[in-house]
Amino acid sequence: MLVTTKEMLLKAQKEKYAVPAFNIHNLETISVVVETAAELKSPVILAGTPGTIGYAGGEYLVAIAKAAAKKYNLPIALHLDHFEDIEEIKKYLDLGFTSAMIDASKENFQNNIKKVKEVVDYAHEKGAVVEAELGKLGGIEDDLIVDEKDAMYTDPNSAKEFVERTGIDSLAVAIGTAHGLYKGELKLDFQRLSEIRSKVKVPLVLHGASDVPINLVRKAISLGITKVNIATDLKIPFAEAVKSYFRENPEANDPRKYMTPGKEAMKAIVEAKIKMCGSENKA
Ligand code: 13P
């Protein structure tokens with residue numbers, strides 16, 4: 001059975017580690033993430049953006065994730081990542097997703113609260129949970145493109161009000177990470193993170209964790225991050241390994257053969273990220 005992110009994140013918050021949320025796209029990526037998490041006995045969150053769910057199909061993703069949870073007897077949450085459309089969120093929660101991020105970070109503060117609250121009321125009624133973002137991350141995630149100059153850090157006092165008025169279960173914070181790879185020097189605002197942590201009770205989420213040095217992610221976890229989102233760092237090695245296979249085997253056409261090096265490359269990263277988060281043996 002799929003679980004929500006609630007218990008796994010509260011446990012992580014208490015014991016000071018983080019649960020990794022991996023962006024998945026298809027059977028191959030789900031099976032690599034879940035198999036590796038099972039080997040390391042780590043709780044895990046499978047996250048799908050609107051683009052991914054449009055590509056793979058919500059029904060298929062729910063069925064695969066359920067089958068994986070049963071096969072490995074592991075706490076697995078199936079999460080909607082960066083959804084902006086409330087009706088879509090409702091539709092996928094009805095289908096069996098257990099957790100949703102409503103990203104209304106483009107809206108002003110009052111409208112952000114209003115939209116998020118609507119999703120929270122719906123999700124809680126269904127036994128699902130909600131993550132929302134205050135502030136705005138730069139970079140590229142799917143069709144969501146935010147120029148670095150439009151990125152906005154999370155204000156600790158507004159974060160407190162936001163969490164209290166919306167009733168969200170976890171809060172995504174903007175403290176300097178961005179989606180995708182970093183062009184310039186990466187600087188994280190740990191002071192801000194500590195302040196948010198001291199004012200906000202719910203688990204905190206770090207988006208854009210690819211390409212961030214391990215020591216910085218670990219420091220963020222030590223200061224209160226309990227969910228770490230990873231997409232780009234999985235996609236690149238998978239694609240590189242498949243490209244390299246085709247360079248060496250230009251006549252190849254068997255997906256069982258050319259997908260395998262991609263899965264192996266991805267597996268090594270999933271393992272490293274679980275260890276980085278400290279979620280090994282926490283399932
Ligand atoms: P990265 O692609 O930078 O890992 O970001 C992932 C993310 O935050 C998904 O919501």
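The values are calculated or read from the model by the stated rules, or taken from the named source; none is laboratory data. The structure presented is a predicted model; accordingly, all values stated were derived computationally and were not measured. Neighbour counts are summed over all protein chains in view; Cβ atoms, including those assigned to glycine, are modelled from backbone coordinates with ideal geometry. Side chains included, ligands, DNA and RNA excluded: accessible areas come from the protein's heavy atoms. Shrake-Rupley method; radii C 1.70, N 1.55, O 1.52, S 1.80 Å.
If I filter the stretch 221-251 down to residues being acidic (Asp, Glu) and free of Cβ contacts under 8 Å to residues at least 24 places away in the same chain, which single residue comes out as surrounded by the fewest Cβ atoms within 10 Å (Cβ to Cβ)?
Glu251
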**Q.** Scope the stretch 129-142; condition in a loop (DSSP other than H, G, I, E, B) and under 16 Å from the mean Cα position of the chain (by Cα); matching residues
**A.** Leu137, Asp142
Q | Scan of the stretch 155-167 for residues that are touching a helix residue (DSSP H, G or I) at 6+ places or on another chain (Cβ under 6 Å) and either part of a loop (DSSP other than H, G, I, E, B) or within 16 Å of the ligand (Cβ to nearest atom) (or both), ordered by number | A | Gly167
Q | Every residue from the stretch 24-53 that is within 16 Å of the ligand (Cβ to nearest atom), within 20 Å of Val217 (Cα to Cα) and touching a Ser or Thr at 6+ places or on another chain (Cβ under 7 Å) | A | Ile45
Q. Which condition does His207 not pass, out of (1) closer than 23 Å to Pro237 by Cβ; (2) within 14 Å of the ligand (Cβ to nearest atom); (3) surrounded by fewer than 24 Cβ atoms within 10 Å (Cβ to Cβ), if it passes all the others?
A. (3)
**Q.** Of the criteria (1) more than 13 Å from the ligand (Cβ to nearest atom); (2) touching a helix residue (DSSP H, G or I) at 6+ places or on another chain (Cβ under 9 Å); (3) open to solvent by less than 60 Å² (accessible area, probe 1.4 Å), which one Asp254 fails
**A.** (2)
Q: Identify the residue in the stretch 194-208 that is touching a helix residue (DSSP H, G or I) at 6+ places or on another chain (Cβ under 6 Å) and either of a type outside the set (Lys, Arg) or at pLDDT below 95 (or both) and, among all such residues, is farthest from Asn23 (Cα to Cα).
A: Glu195
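Determine whether Ala63 is open to solvent by less than 20 Å² (accessible area, probe 1.4 Å) and more than 16 Å from the ligand (Cβ to nearest atom).
no
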Q: Would you point out the residue of the stretch 174-193, among those that are at pLDDT 95 or above and over 21 Å from Asp103 (Cβ atoms), that is farthest from the ligand (Cβ to nearest atom)?
A: Gln191
Q) With (1) crowded, with 24+ Cβ neighbours inside 10 Å; (2) among the β-branched types (Val, Ile, Thr); (3) within 16 Å of the chain's Cα centre (by Cα) as the list, and Val119 as the residue in question, which single condition is left unmet? A) (3)
